[in-house]
Structures are given as C-alpha cells and as structure tokens.
Amino acid sequence: RSWRPSSNRAAAYMSLKDYERALQDAESCIKLNPTWAKGYSRKGAALHAMKKYDEADAAYQAGLAVAPGDAALKQGVVDVNKAKGAARGAG
C-alpha cells in the first residue's frame with residue numbers, strides 16, 4: 001500500500017484545520033514509509049498547528065535524521081522554534 005494517499009489526506013485535513021486527522025494520517029504515512037521526509041513534515045505541521053511545539057520540533061528532527069537536507073523540515077524547525085519563543089514571551 002502506498003503512503004502517498006495518507007500524506008495527501010494529511011495536507012487536505014490541514015487546510016480544513018482538522019489537525020487531529022492530519023496528525024493521524026501523517027503518522028500513518030511515516031509508519032508506511034519511515035524514510036520519506038514529507039510524512040515528518042506533515043506530522044510536524046499538524047503538531048505545530050495544535051501548539052504542541054516540543055512534539056512538532058521532535059517530528060521535524062526525526063525527519064531530518066532520515067532526510068538531512070530537506071528544506072521543508074529545516075524551515076519547520078525554524079518556524080516552530082519561533083512560535084515556541086513567542087509563546088514563552090507571551091506566557
């Protein structure tokens with residue numbers, strides 16, 4: 001079975017702001033193909049949207065472990081750390 005439908009569905013759920021379902025599909029994608037960077041990117045984005053910044057950072061870092069040059073994962077780390085800093089400053 002292909003992992004791509006899970007990834008595409010995760011993206012669709014993100015656009016609908018259904019972050020729980022996006023996260024489920026991203027995790028399914030990673031389970032089906034743990035070496036494909038986009039699954040980690042989708043997982044990180046869903047967790048980021050849910051304001052689970054540490055978990056999002058961990059998802060992006062796990063992706064970078066399998067795809068060290070992936071630009072989306074690198075940008076995800078930057079974005080989630082900015083959000084984490086802003087949340088700390090507001091809190």
Report, ordered by the first and then the second residue, all pairs with beta carbons closer than 8 Å, sequence separation of six or more or different chains, a first member in the stretch 2-14 that is at pLDDT below 80, and a second member that is among the aromatic types (Phe, Trp, Tyr) and surrounded by 14 or more Cβ atoms within 10 Å (Cβ to Cβ).
Trp3/Trp36
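Are any residues in the stretch 73-91 loosely packed, with under 14 Cβ neighbours inside 10 Å, among the charged types (D, E, K, R) and within 21 Å of Lys17 (Cα to Cα), and if so, which ones? Before the answer, list the steps.
Residues of the stretch 73-91 loosely packed, with under 14 Cβ neighbours inside 10 Å: 75, 78, 82, 85-91.
Subsequent filtering for residues that are among the charged types (D, E, K, R) retains 82, 88.
Once the filter is applied, which keeps residues that are loosely packed, with under 14 Cβ neighbours inside 10 Å, among the charged types (D, E, K, R) and within 21 Å of Lys17 (Cα to Cα), the stretch 73-91 yields only Lys82.
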Which condition number in (1) part of a helix (DSSP H, G or I); (2) out of contact with any Ser or Thr (no Cβ under 7 Å at 6 or more places or on another chain) is the one that Lys51 fails?
(1)
How many residues are of a type in the set (A, V, I, L, M, F, W, C), within 20 Å of Arg9 (Cβ to Cβ) and either buried (at least 17 other Cβ atoms within 10 Å of the Cβ) or modelled with pLDDT of 95 or more (or both) if we restrict to the stretch 22-72?
15
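The values are calculated or read from the model by the stated rules, or taken from the named source; none is laboratory data. Small disclaimer: the values here were computed from a predicted structure and weren't measured. Counting neighbours? That spans all protein chains shown, and the Cβs are built from the backbone with ideal geometry, glycine included.
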